[in-house]
Every structure is written in structure tokens, then in C-alpha cells.
Amino acid sequence: MVPMRFPLGTSAARMTAAPLLLVDLETKEGVVGRSYLFCYRESGARAIAEVMKEAAGLIDGMPVAPAGLGELLGRRYALLGVTGVVRMALAAIDIASWDALAVAANMPLATFLGGSLEPIRAYNSDGLGMMSAKEAADEAVKLLEPGFDAVKLRLGHPNPATDLDVTKAVRAAIGESVELMVDYNQALTVPDAIRRGLDLRDMNIYWLEEQIRHNDLQGYAAIASELTTPIQLGENLDGPEAVYDAVAAKAADYLMLDVARIGGVSGWLRGAAIAAARGVPVSSHLFPEISVHLLAATPTVHWLEYTSWADSILEEPLQISNGYLTPPNKPGLGLQWSKEGIERCRAD
Ligand SMILES: [Mg+2]
């Protein structure tokens, strides 16, 4: 349970500590592949760990070949359902497998996947939860301090007028040149989303994110047809097949992939290919240390969502330079656990 520098209240839940689950995949050759998951709730971390232990037993001794391992585990868990807790457990194994391969090849995962170590534009998503106009304005300015020129604000207050007041205060505090994204975390109905989108039309909003239930693709298409501000969704897309459905439904202008829900590195590559086939820009959701490598290999790379949540359990946290992040030039993902940080945050 890693304390968060900026507690985050969304329209769905309020968090002050990030439940992270760390994974080491050890091979007979002595190569260690690593991954981590952000589990939303502590109970989620415990449930995912339970599934992961069993899944690890099913592949013990097999070659590190993520495509085949994914097929095998997908079959074993098909009747329970490869979604939610199971999806995240299998994704963590997939990510650690790819990390082990890239470590063995002595290449950063980004270049192992065919990308390059180029800087990727990032927005600071550390804070700016649901809060008063004054608090949001002050926090937005703080979030620019590490050099960012883009931030994301959570909205979906019960009263639409509050959303507008908070947005105006943040825009006034950060100025016109800073990009401002807005996330509703599925709080609204279709008519309400259209109304609130129109309310914000003069606020130079970069994207409006997840206004309604994440899988109401027709609802999103209806909203998109009424608004000129681009629509963003995707953190809840469950596997590459869901990316296909979202693209086919023209549900959003932009898509963001979550490496855990999309099915690890393997799922990301397939999802990114589907988005690229229709030229849809792809951003990342959380996991900046992993996402930075995946975006580097994504044809329609757009924005990286930055959070500092894993910083205190890492020996070398990601470095931000003028609002950009670059995949570290180290083997694999470059994740090295900080023993001291882990001891401080252990939940068991
Ligand atoms: Mg979101």
C-alpha cells in the first residue's frame, strides 16, 4: 500500500494509497522478468495474487513464450472468465515474460518491440481529483512544477455548475498554453454528458474522458456526434477484442489502453494494431514505467499518463524532462525494486 503524494478522489472512489502488486518471474537461466499491477483496492491485490500463484504453477518449467502461454492460460481460465481479476493476473505474467525476454536480449523493451528510445509527451495525472475550485486551481499549478505542460482534471460533481466553476478556476490558474484533459470516470448519462460537454466548449479542453458507462459504445458515439471536443475512452477496454468493438462503433476520437486490462504486452500490441488500422491515436492509462516502452512501439502514439505512484518502490523512478518521458536505456522495462521502499509499504 504505497502512500500517494496527491490523494485522488474521482467520481467513483477516493484513494490515499496505491495497492501495488509486484511480480518477479524467475527463469531457470537466472533471468528475472518483472512487472507490477495497480490493483485499485487492497482486496483486489490479494485476489489477483491468489489467481497469479495458481497460474504460475500451470506454466512452471515452460519456455518463456508469451503468445503460447497466453493461449494456454486463457483456455484454463475460460470458464471462470478472463476479465477483471483474472485478466489482470494473466497480464502481469505476460508483462513479466516479455520483460524477461528483453532482459535476456539485453535490450530495452521499447527497442525489443521495434520502437526507439524517443521522448513521449506526458500529462501529469497525479492529483486533481474531485475538489473545490480553489483547491483544484492550486493543485493544478503544483502538478506543472516537474516541467509538465498538461494535466488532467476529474469532474462529475453532482451539480453541473460545480464542474464548470472548477474548470474555469483551473484554466485561469494554468493559462491557455497548458493542455487540460477532463475525466468523468463514468459518472454521467448520455444527455448529461452532452450538456456538460457543451458547457465546457469554450474552455479549450483537450479531451473529455469516460463520461458514461465504459462499455456503452453507442452512447459514446451519440455524445461524439454532438460535441466538437474530442472524446477519450479505453482504460476499461477488456482485451484487444474490445478495442475492435470501440473502433468499429466510432465510439471515441482517441483511445487509451491499460496494459493490465488489455492483456499485458501481448494484448497491447494487438490493441494498438487495431487502433492503428483506423488511424486512432493511442494513449496509455497508468503504469507509466511499462507504458512508456509500449507507446514507443505504438504506431499512433499519442499521450502518456504520468503518475508517481510506483516511485517509492523503485530504485530509479522515471525521469521527467520538459513534460516528456523516454524509455530508460536499460535491459527490459528497467524495473529495479527498492528493498527499503517495499519494506516501508508492505501490506502483509
Ligand atoms: Mg480515466
Scanning segment 5-38 for residues that are touching a strand residue (DSSP E or B) at 6+ places or on another chain (Cβ under 8 Å) and within 16 Å of the ligand (Cβ to nearest atom), the one nearest to Glu289 (Cα to Cα) turns out to be Phe38
query = If you go through segment 86-95 one residue at a time, do you hit one that is over 19 Å from Gly271 (Cα atoms) and among the basic types (Lys, Arg)?
reply = no
Output for Cβ contacts, cut-off 7 Å, separation at least six or different chains, first residue in the same structural domain as Arg270 (by TED's automatic domain parsing) and of a type in the set (Val, Ile, Thr) in segment 235-246, second modelled with pLDDT of 95 or more and buried (at least 17 other Cβ atoms within 10 Å of the Cβ), reads Val243/Leu237; Val243/Leu255; Val243/Gly271; Val243/Ile274; Val243/Ala275
Matching residues in segment 105-134 (assigned to a helix (DSSP H, G or I) and surrounded by fewer than 16 Cβ atoms within 10 Å (Cβ to Cβ)) number 1
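Yes/no matrix, rows are residues, columns are (1) within 16 Å of the ligand (Cβ to nearest atom); (2) β-branched (Val, Ile, Thr); (3) surrounded by 20 or more Cβ atoms within 10 Å (Cβ to Cβ):
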| residue | (1), (2), (3) |
| --- | --- |
| Ile174 | no, yes, yes |
| Glu179 | yes, no, no |
| Leu198 | no, no, no |
| Asp216 | yes, no, no |
| Thr228 | no, yes, no |
In segment 299-343, anything in contact with a helix residue (DSSP H, G or I) (Cβ under 7 Å, 6 or more places away or on another chain) and surrounded by fewer than 16 Cβ atoms within 10 Å (Cβ to Cβ) is listed as Pro299, Pro317, Trp337, Ile342
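The values are calculated or read from the model by the stated rules, or taken from the named source; none is laboratory data. Just so we're clear, the structure is a prediction, and the values are computed from it rather than from any experiment. Cβ sites come from the backbone with ideal geometry, for glycine too, and all protein chains shown count toward neighbours.
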